[in-house]
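Novice: Have a look at this one.
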Amino acid sequence: MITAVRKPFCEIREMVAPYESLLVVGCATCVAECASGGEKEVAILSSQLRMDATLRGKKLEVGETTLDRQCVYEFIDRLSPLVGKYEAILSLACGAGVQAFSEIFPEAIVLPGLDTTFLGQTREAGLWLENCRGCGSCKLQWFASICPIARCAKRLLNGPCGGSKGGQCEVDPQVPCAWNMIVERLRKFGKLELLEDIYPPCDWSLAQGRGPRKIQREDQAIETI
Amino acid sequence: MIEPDQEARIAFFFCQRLDPGQDKNRRSLEMEFGPSVVFYPMPCGGRVETIHLLRALEGGADRVVVITCPRGQCRYGEGNLRAQKRLKYAKNLVHEIGLEPERLEFRAVPLVSASRIDEIIRPILLEPWNLGPSPLRRVPRKR
């Protein structure tokens, strides 16, 4: 899941200041799960914007809608009848959603309402943790399904560092030591011998090293005749 | 203190379990205070969402009060705690736009078999209230 947090209200207020009509567009997938850009958050931010405008004596019409996904053409395209009616779009999607939206509606002013943060999991209600860096070469099979790149503060592939105390990280004692978890899980599965191997450094050229990445699959593409 | 003929508008969100007879018992207040007091009975305090509180303010309420049972007495576990957390969150949102967070209030009332919602709410209506009308009211209400 892509996680995000809402931008500070003062920043949003400044962004939308030039406009008198605004469509707030949420995304019901990742950012809804992390309670920053779903239908509820669209309603909350829209209400805040309307009240703020009233308090400042400003005219502002705020529309609200939420798409199932804001990063896929077929979903974004459904807003064709609405987009032209507003001066600007305030997108509560991740950065990918904001850009997809502006690509599909090139004439529209699309503003980001969220700060996209990381790939993570919902650990419990109200708690989201980063656990994937999208390095482009998953190594979880060696590390008992715990990623040392994302979850070890030192990103060690040949750990542990030795600084862990009571199973907690020495960099941040509030965070469990990833390598402690790796060792414990390898022990549980009887695979401690994996610790004897030397793992090569992560090839970061597979991540952002060559600019924006793309995935292209012929079997998924629509045939053009 | 809110007199029946004053302009103040108060929205009460409350757990119906505080008074199973609330539907009947709140009528006396509705008759006395008219549209100045609006009631939103909830099946549990946990049903209250942040957006409900914002919409009440946006709709022109001067004061929004959430009433639940105290910690440890929620039939459904932690509805009262959720209501309190959401109200706290709503206070931050309200503060961001420059409105007084004190317009949102949380009250925990002991769950006793003889409680009546009008007897719970009347003392709240009689309390001193200094914030005055909400600046969000664009058009003064007609009497």
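The values are calculated or read from the model by the stated rules, or taken from the named source; none is laboratory data. Values in this document were obtained by computation on a predicted structure and should not be read as measured data. Quick reminder, even Gly has a Cβ in these numbers, built from the backbone with ideal geometry, and neighbours come from all protein chains shown. Accessible surface areas use protein heavy atoms only, side chains included; no ligands, DNA or RNA. Shrake-Rupley method; radii C 1.70, N 1.55, O 1.52, S 1.80 Å.
Novice: Using the structure shown, decide if B:ARG9 is under 17 Å from B:GLY132 (Cα atoms), more than 14 Å from chain A (Cβ to nearest Cβ) and in contact with a Gly (Cβ under 7 Å, 6 or more places away or on another chain).
Specialist: yes
Novice: Another one. Return the only residue of A:ILE89, A:ILE109 being closer than 20 Å to A:SER46 by Cα and open to solvent by 50 Å² or more (accessible area, probe 1.4 Å).
Specialist: On the way: A:ILE89 fails: open to solvent by 50 Å² or more (accessible area, probe 1.4 Å).
The unique qualifying residue is A:ILE109.
Novice: Please specify each residue of the stretch A:132-141 satisfying the condition of being under 10 Å from A:CYS202 (Cβ atoms) and buried (at least 16 other Cβ atoms within 10 Å of the Cβ).
Specialist: Of everything in the stretch A:132-141, those that are under 10 Å from A:CYS202 (Cβ atoms) and buried (at least 16 other Cβ atoms within 10 Å of the Cβ) turn out to be A:ARG133, A:CYS135.
Novice: Please pick out the residue among B:LEU87, B:LEU93, B:LEU81, B:LEU104 that is at pLDDT 90 or above, closer than 26 Å to A:ILE44 by Cα, surrounded by fewer than 20 Cβ atoms within 10 Å (Cβ to Cβ) and aliphatic (A, V, I, L, M). Working first, answer last.
Specialist: Values: B:LEU87 fails: surrounded by fewer than 20 Cβ atoms within 10 Å (Cβ to Cβ); B:LEU93 fails: surrounded by fewer than 20 Cβ atoms within 10 Å (Cβ to Cβ); B:LEU104 fails: surrounded by fewer than 20 Cβ atoms within 10 Å (Cβ to Cβ).
After applying the criteria, what remains is B:LEU81.
Novice: Now for a different question. Does B:ARG75 meet the test of being open to solvent by 20 Å² or more (accessible area, probe 1.4 Å) and within 14 Å of the chain's Cα centre (by Cα)?
Specialist: When the stated conditions are applied, B:ARG75 does not pass them.
Novice: Let me ask something else about it. Anything in the stretch A:35-75 that is more than 19 Å from B:ILE51 (Cβ to Cβ) and at the interface with chain B (Cβ under 9 Å from one of its Cβ atoms)? List them, or say none.
Specialist: Residue satisfying the conditions is A:ARG56 alone.
Novice: If the requirement is being under 30 Å from B:ILE97 (Cβ atoms) and within 14 Å of chain A (Cβ to nearest Cβ), which of these qualifies: B:ARG47, B:ARG63? Can you show your working first?
Specialist: Working: B:ARG63 fails: within 14 Å of chain A (Cβ to nearest Cβ).
After applying the criteria, what remains is B:ARG47.
Novice: Kindly list the number of the only condition in (1) of a type in the set (Lys, Arg); (2) surrounded by fewer than 17 Cβ atoms within 10 Å (Cβ to Cβ); (3) within 14 Å of chain A (Cβ to nearest Cβ) that fails for B:LYS24.
Specialist: Of (1) of a type in the set (Lys, Arg); (2) surrounded by fewer than 17 Cβ atoms within 10 Å (Cβ to Cβ); (3) within 14 Å of chain A (Cβ to nearest Cβ), only one is false for B:LYS24: (3).
Novice: Please specify each residue of the stretch A:64-109 satisfying the condition of being within 15 Å of A:GLY38 (Cα to Cα) and either free of Cβ contacts under 8 Å to residues at least 12 places away in the same chain or not assigned by TED's automatic domain parsing to the domain that holds A:GLU20 (or both).
Specialist: A:PHE75
Novice: What do you reckon, is A:ALA144 aliphatic (A, V, I, L, M) and open to solvent by 70 Å² or more (accessible area, probe 1.4 Å)?
Specialist: So A:ALA144 does not fit the description; no.
Novice: Given the condition out of contact with any Pro (no Cβ under 8 Å at 6 or more places or on another chain), among the hydroxyl-bearing types (Ser, Thr, Tyr) and assigned to a helix (DSSP H, G or I), answer yes or no: does some residue in the stretch A:90-102 qualify?
Specialist: Yes, some residue in the stretch A:90-102 is out of contact with any Pro (no Cβ under 8 Å at 6 or more places or on another chain), among the hydroxyl-bearing types (Ser, Thr, Tyr) and assigned to a helix (DSSP H, G or I).
Novice: Now for a separate question. For residues in the stretch A:3-23 being open to solvent by less than 50 Å² (accessible area, probe 1.4 Å) and under 25 Å from A:LEU129 (Cα atoms), which is nearest to the other protein chains (Cβ to nearest Cβ)?
Specialist: Only one residue fits best here, namely A:PHE9.
Novice: While we're here: Give me the pairs, please: first residue somewhere in the stretch A:52-63 and of a type in the set (D, E, K, R), second residue anywhere and open to solvent by less than 30 Å² (accessible area, probe 1.4 Å) and assigned to a loop (DSSP other than H, G, I, E, B), beta-carbon distance under 7 Å, and either six or more positions apart or on two chains.
Specialist: Taking only residues 6 or more apart or on different chains, the pairs are A:ASP52/B:ILE97.
Novice: Of all residues in the stretch B:40-72, which are without any contact (Cβ under 8 Å) to a residue 40 or more places away in the chain and crowded, with 23+ Cβ neighbours inside 10 Å?
Specialist: Within the stretch B:40-72, B:GLY45, B:VAL48 qualify.
Novice: Here's another thing I want to ask about it. For the condition assigned by TED's automatic domain parsing to the domain that holds A:LEU92, touching a residue at least 12 places away in the same chain (Cβ under 8 Å) and touching a Cys at 6+ places or on another chain (Cβ under 9 Å), what is the one hit in A:LEU206, A:LEU114?
Specialist: A:LEU114
Novice: Looking at (1) more than 14 Å from chain B (Cβ to nearest Cβ); (2) touching a residue at least 12 places away in the same chain (Cβ under 8 Å), find the lone condition where A:GLY26 falls short.
Specialist: The single condition A:GLY26 does not satisfy is (1).
Novice: Does B:PHE13 fit the bill of being under 29 Å from A:GLU39 (Cβ atoms) and not in a loop (DSSP other than H, G, I, E, B)?
Specialist: Judged against the criteria, B:PHE13 is a match.
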